[in-house]
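All remarks here apply to the structure that follows.
The values are calculated or read from the model by the stated rules, or taken from the named source; none is laboratory data. Just so you know, these numbers come straight off a predicted model, no measurement behind them. Note that we place each Cβ from the backbone using ideal geometry, even for glycine, and neighbour counts take in every protein chain shown. Calculation scope for accessible area: heavy atoms of the full protein, side chains included, ligands and nucleic acids excluded. Shrake-Rupley method; radii C 1.70, N 1.55, O 1.52, S 1.80 Å.
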Amino acid sequence: MDLVEVLPQRLYMFRFPIGQAYLWCDGTPDSTDGGPGGGAELTLIDAGDVHAAGAVEDGIRRLGLDPALLSRIVLTHGHRDHYGAAQELADRFGARIMAHRLDAPVIRGEREVADPVLLDWELPLWAHALTVPDAPPTRVDRELEDGDELPFGGGARVVHCPGHTPGSIGVHLPRHGVLFTGDSVAEAGQVMLGVFNTDRTEAEASLRRLASLAPDIACFGHGAPLTTDAAAGLRAAAQR
């Protein structure tokens, strides 16, 4: 796993062979202005595949942080490369798992994941994605809805962005200008609509909605985060 600093003392990316997760670091519970340290509170955005828990724990420790400070794991959607390690991490450190109401049954193992409608050029990518091991049924402690506010990053907002999956979400931190897009948006040399969508029309509308938030930093489920001209990159992708 690669560990990448995205925003100094605030935001880090854990990059796995397929996909990635992000760690957001707040200060003490009564202050959103402090950086990581003794009283930090940690939030994980996605969790990697079923084998990623040890790497995530090690990555947190490499930052000089205590994994026991992990308060919540916010899942952007119900694909196995994003929630596979969530249950193990939550059990180890007492974190709460959160996901949108429409993808929660998939994450809990109560419903099959919806099949994507694949374009021809996506077929080899899909075959590679299927090498990710199956995720175990995973509890969801809080089912999210569009507009919900989460207690990190000075007030994180849930943005429902269906199309990749019915319950895909973005997570917007307006105070810090940061947007986590999940797989609704990707980066592969340029910002683009994410692949493997269950409803391409909905996915395109979701991309436009995320672009309208005009973040300073955009963090994708796949590809390098955009830390300069993020708003322009998202707008350009939405117009293509």
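Accessible surface calculations at 1.4 Å, restricted to protein heavy atoms, place the stretch 62-133 at 47 Å² per residue.
Hand me the chymotrypsin sites (Phe, Trp or Tyr not before Pro) from the stretch 147-240 located in a DSSP loop with no more than 11 other Cβ atoms within 10 Å, in residue order please.
On the way: sites: Phe152, Phe180, Phe196, Phe220; in loops: Phe152, Phe196.
Qualifying residues, ordered by number: none.
Each principal axis of the Cα cloud of the stretch 171-240 was evaluated for its coordinate range; sorted largest first, these ranges are 31, 22, 19 Å.
Across the accessible surface of the chain, with the other protein chains kept in place and a 1.4 Å probe, carbon and sulfur atoms take up 50 percent.
Rank Phe93, Phe14 by accessible area, highest first, at a 1.4 Å probe radius?
Numbers: Phe93 40, Phe14 0 Å².
The ordering from most to least exposed comes out as Phe93, Phe14.
Can you put Ser71, Ser212, Ser168 in order of accessible area, largest first, using a 1.4 Å probe? Mind dumping the intermediate values first?
Working: Ser71 35, Ser212 85, Ser168 5 Å².
Accessible-area ranking of Ser71, Ser212, Ser168, largest first: Ser212, Ser71, Ser168.
The Cα-based radius of gyration of the stretch 89-143, divided by its Kirkwood radius, gives an Rg/Rh of 1.08.
Along each principal axis, taking the top coordinate minus the bottom one, the Cα set of the stretch 37-91 gives 33, 17, 17 Å in descending order. The phi-based Karplus calculation (6.51 cos²θ - 1.76 cosθ + 1.60; θ = phi - 60°) puts the 3J(HN,Hα) values of the stretch 98-108 at 10, 7, 5, 3, 7, 9, 4, x, 5, 4, 6 Hz, whole numbers, x for Gly and Pro. Protection proxy ranking of 226-234, 130-138, by the mean of other Cβ atoms within 10 Å over each peptide's residues and highest first, is 226-234, 130-138.
Taking the Cα centre of the chain as origin, work out the dipole magnitude from +1 charges on Lys and Arg Cβ and -1 charges on Asp and Glu Cβ, in debye rounded to 20. If you can, show how the numbers build up before the last one.
On the way: 20 positive and 34 negative charges, 57 e Å.
In debye, rounded to 20, the chain gives about 280.
Oblate is the label for the stretch 99-240. Its Cα gyration tensor axes, ordered a ≥ b ≥ c, give a/c of at least 1.5 and b/c at or above a/b. In loop segments of the stretch 142-196 as defined by DSSP, the trypsin sites (Lys or Arg not before Pro) with at most 14 further C-beta atoms inside 10 Å of their C-beta are Arg175. In terms of the mean number of neighbouring beta-carbon atoms within 10 Å, the peptides 43-50, 84-91, 203-210 order highest first as 43-50, 84-91, 203-210.
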